[in-house]
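All remarks here apply to the structure that follows.
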Amino acid sequence: MLTEPAFYLVSVPAVLIYGIAKGGFGGAMAVLAVPLMAIAMSPTQAAAILLPILVLMDALVVRAYWGAFDRTSLKLLLPPALLGVALGYALADSLNDDFMRILIGTIALLFGLYGLLGRATRQVLPHHRGKASLWGAMAGFTSFSIHAGGTPFTIYVMPRGLSPVQFAGTSGLFFAVVNAVKLLPYHLLGQFSADNLLYSLVLAPLAPAGVWIGRFLVKRSDPRLYYGVISFFLMTVGGLLLWEGLGVWLQ
């Protein structure tokens with residue numbers, strides 16, 4: 001596959017998009033990477049190739065934003081997220097990806113529209129343990145299954161009134177933990193073949209570039225513009241996931 005132009009045509013922009021999102025700009029757009037790479041390979045292989053690269057990106061993001069994170073969000077979201085990862089692994093053989101795409105896509109589409117109308121950030125909401133447990137578990141579960149954890153994470157954190165830099169730092173540390181934990185179950189499921197690891201190695205040099213671009217944009221973003229971009233990508237990603245999930249019934 002390394003000699004096929006199609007591999008690079010889809011994988012290079014996919015990794016850069018993920019890196020920009022990891023860098024903190026338009027985080028929800030990261031979910032576009034797997035569908036883009038799936039043009040040239042199976043979605044399962046795309047997810048396996050991406051995971052080691054994501055771990056590298058996470059390390060870069062945590063270093064770049066160290067200290068700029070919301071401790072309360074992490075304290076409330078991480079424990080249920082790890083339970084979500086465990087549930088994703090337990091249901092790996094029977095997981096209905098289409099159902100998850102429809103569920104997350106619908107929620108993201110509605111919340112993105114809500115955000116574009118200015119309502120998601122108009123009023124800063126206090127933390128809520130019950131909501132954090134729900135969205136944290138869903139973030140871990142969907143991150144494990146279809147690398148779409150950014151959407152549930154954003155839906156919970158966006159109304160908490162964090163600055164763009166603090167939002168990016170919180171997201172970076174959250175997914176650094178989640179993705180590191182995912183390495184073991186992915187290994188146990190046989191996802192890290194020699195070929196997949198080679199593809200990851202070839203694409204890994206793109207990780208710093210994507211993260212740097214994302215960080216550059218975050219540092220220079222007005223909060224209103226920043227959250228507007230995130231809302232736009234939530235709608236875009238929601239529509240994409242919904243279309244993919246419904247594809248089975250629309251054929």
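A compact table of results
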item: Residues within region 87-102 that are free of Cβ contacts under 8 Å to residues at least 24 places away in the same chain and assigned to a helix (DSSP H, G or I), tallied; result: 1
item: Filtered residues of region 213-231 (kept if out of contact with any Ser or Thr (no Cβ under 7 Å at 6 or more places or on another chain) and closer than 19 Å to H147 by Cα); result: G214, S231
item: Matching option when the condition is over 19 Å from the mean Cα position of the chain (by Cα), in a helix (DSSP H, G or I) and touching a residue at least 60 places away in the same chain (Cβ under 8 Å), among L217, L242, L234, L246; result: L246
item: Selection status of L76, assigned to a helix (DSSP H, G or I), of a type outside the set (F, W, Y) and out of contact with any Lys or Arg (no Cβ under 8 Å at 6 or more places or on another chain); result: no
item: Filtered residues of region 1-38 (kept if at pLDDT 85 or above, surrounded by 24 or more Cβ atoms within 10 Å (Cβ to Cβ) and farther than 14 Å from P208 by Cα); result: S11
item: Index of the failed condition, Q191 passing every other in (1) open to solvent by less than 50 Å² (accessible area, probe 1.4 Å); (2) in a helix (DSSP H, G or I); (3) more than 19 Å from L32 (Cβ to Cβ); result: (2)
item: Complete set of residues in region 121-143 that are in a helix (DSSP H, G or I) and either modelled with pLDDT under 90 or of a type in the set (V, I, T) (or both); result: T142, S143
item: Pairs, first farther than 16 Å from P164 by Cα and open to solvent by 30 Å² or more (accessible area, probe 1.4 Å) in region 65-84, second of a type outside the set (K, R) and in a loop (DSSP other than H, G, I, E, B), C-beta under 8 Å, six or more apart; result: T72/H127
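The values are calculated or read from the model by the stated rules, or taken from the named source; none is laboratory data. Just so it is clear, the structure is predicted and the values come from calculations on it, not from any experiment. All Cβ positions, glycine included, derive from the backbone under ideal geometry; neighbour counts span all protein chains shown. SASA here: full protein model, heavy atoms, side chains in, ligands and nucleic acids out. Shrake-Rupley method; radii C 1.70, N 1.55, O 1.52, S 1.80 Å.
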